[in-house]
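First up is the structure itself, then whatever we jot down about it.
The values are calculated or read from the model by the stated rules, or taken from the named source; none is laboratory data. Remember, predicted model here, so these are calculated numbers, not experimental data. Here the Cβ is made from the backbone with ideal geometry for all residues, glycine too, and neighbour counts use every protein chain on show. These accessible areas exclude ligands, DNA and RNA; they are computed on the full protein's heavy atoms, side chains included. Shrake-Rupley method; radii C 1.70, N 1.55, O 1.52, S 1.80 Å.
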Amino acid sequence: MVKKYLSDWRIHFFCLLIVLAAELVGPIPFGPFSVGGLPFGFTLFPLLFALILGTVLGLLKVIKLEEMNTAAPFLGFTIVWLIAKLASGIGPNIPALIVAGPAFFLQELGNIGAVFLSIPVAIVVFRMGKEAIGAGFSIGREPSLALISSMYGAESPEFRGNLGAYITGSVLGTLYFGIFASVLVALNLFSLQAIALASGMGSVSMMVAALAPMLAAAPYMEGEIMALASTSNLLTAATGLYFNMFLAIPIAEWLYRKMRGAEHHRAAYIKKAKKAGMSEEEAITEFDSKMAASTANKAAAAAEAAKATTKPSLYDRWFIRGKVLFISSIFILIANYLMSMGNFRGLMHLIQTGAYLNPDAVVTPFMAVPGMLFFAIPVVLGFILDDALSPKLKIKIPTIFYISIIGIVMGIPGFPGAGAYIAATNYVGLLSMGSVGLAYAGIALCKDLGAFKGQSVGIVVVAILAFSGSFIGSVLIAEGVLRLTGAI
């Protein structure tokens, strides 16, 4: 029995090696470059390296196909830590969100522009399958990755599409947002306030890149522009998950059905197969066989995941889940420690001198343990609620919905223990959590590289269109609301 519980030790061992390597490398900045006289630059963070290293190990056959399949659901179990972290920052800022005004709330609706700009191109031009839904419903950052993993599973085409958009955003997103924002500023069609509001919809690095051309164009507005962007970014963190869950994804699915995306995808596959020498009947048979296999794999993965929530066995219901949560929490503490000490440079300084490079910034694992224990409360309660309510509900509500709601409530000022909760969780960084989750994702990803390679060019274009649609949609709505309310 013990052997059964420890059969996946290689996966966790390689995950630890990946996290250590990625965090020791640390963030690598590129730039700043001068484009049109304006400074641009971007940074590659450890979580992207973790994803790449996991994939490389798979390509080198160090990790077996069976282990890749085993690791696939681990991403869903691990990334809930990230959702709990995001939720911890929302509760204390609810009063600020309420005061922020209608422009902050309504500009979020502009993100639906991502769906209407990207999904039609994905279907008509690239003839994508359901990867189009994952790639085109949002700007595809960490919360979107967690949401898609929870809703569809890591075996799904929706997840592959979203992961492709995530990779595109990680490599090109920051640079693209900086250039795109500079174009909007140069066009002089929109107020800087509206552009600043829209810039808050992405990651912090995307927001900072988008702010650069605005601050260069109007340095006297620096305080106002930065306040608008940061508040918008906070609001997007608070509402973006629910906006995507209940609006963007359902609209993307509806548009995919309305435009007969599945038929376009099937026709494109058959046409390509016929060019390769197949008869139409053979092409149809192969396509239908692949779709059936994909459905069967997804069903099998769902059945495996369901074992942890529907069977009474302690092992089936909680052991795998609890084991992965425990192991990943230790990896997060280690990643958090390496990041806080200054990555490889900080470690070498510690070895050579016996002292930290910047003692005030270092967060030891011991210091961060209380924060992880606090995060475990919404995570465990969220899984319990999901187990209890899912069989009774007609619609599937992702586990991360329960986790985020509990995490938000715990941080609301006045809630018992809110002060201690916020103080403790501030010691644990968001990016270190992302490194661990994406290490597992990288290990699982390699088995799908063939499918990703076949649609990677399309994914890049669709992701860029989703970025553009979100930005333009948010700018348009923010501009209109700001003018109607007399704010500008």
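For the reader, a short list of remarks on this structure follows.
- Between ILE412 and SER390, the FRET efficiency from the beta-carbon distance, with R0 = 22 Å, is close to 0.25.
- With a Förster radius of 45 Å applied to the beta-carbon distance between LYS258 and SER289, the computed FRET efficiency rounds to 0.95.
- The solvent-accessible area of TRP254, taken with every protein chain present and a 1.4 Å probe, is close to 120 Å².
- Surface per residue (accessible, 1.4 Å probe) for segment 112-257, Å²: 32 Å²
- In Å², nearest 10: area of LEU373 left accessible to a 1.4 Å probe: 120 Å²
- Share of carbon and sulfur in the accessible heavy-atom surface of segment 200-270 [1.4 Å probe, %]: 66 percent
- As a calculated quantity, the FRET efficiency between ILE488 and LYS64 at R0 = 51 Å, using C-beta atoms, amounts to about 0.30.
- Accessible area of SER390 in the full protein assembly, 1.4 Å probe (Å², nearest 10): 40 Å²
- Accessible surface, segment 319-407, averaged per residue in Å² (probe 1.4 Å): 50 Å²
- Spin-label pair ARG10/MET278, simplified geometry with 7 Å Cα→Cβ offset, distance in nm: 3.2 nm
- Contour excess over end-to-end distance, with Cα ends at ASN426 and ILE405 and 0.36 nm allotted per residue: 5.7 nm
- Under-5 Å amide H pairs with LEU44, H placed in peptide plane, nonlocal only: ILE28, PHE30
- Integer Hz, Karplus 6.51/-1.76/1.60 couplings in order for segment 354-359, x for Gly and Pro: x, 10, 6, 5, 9, x
- Karplus-derived HN-Hα couplings along segment 374-389 (A = 6.51, B = -1.76, C = 1.60, θ = phi - 60°), whole Hz, x at Gly and Pro: 5, 4, 5, 5, x, 5, 5, 5, x, 5, 4, 5, 4, 4, 6, 9
- Portion, in percent, of the accessible area of segment 343-452 that falls on carbon or sulfur, probe 1.4 Å: 72 percent
- Remark: segment 107-114, residue by residue, has Karplus-estimated 3J(HN,Hα) of 5, 4, 5, x, 5, 5, x, 4 Hz, where x stands for each Gly or Pro and the curve is 6.51 cos²θ - 1.76 cosθ + 1.60 at θ = phi - 60°.
- Segment 327-454: relative contact order as a whole-number percent, Cα under 8 Å and 6+ apart: 28 percent
- Length gained when the stretch VAL457-VAL124 is fully extended (0.36 nm per residue, less Cα-Cα span): 118.4 nm
- Long-range HN-HN contacts of MET128 with modeled amide H, under 5 Å: ILE123
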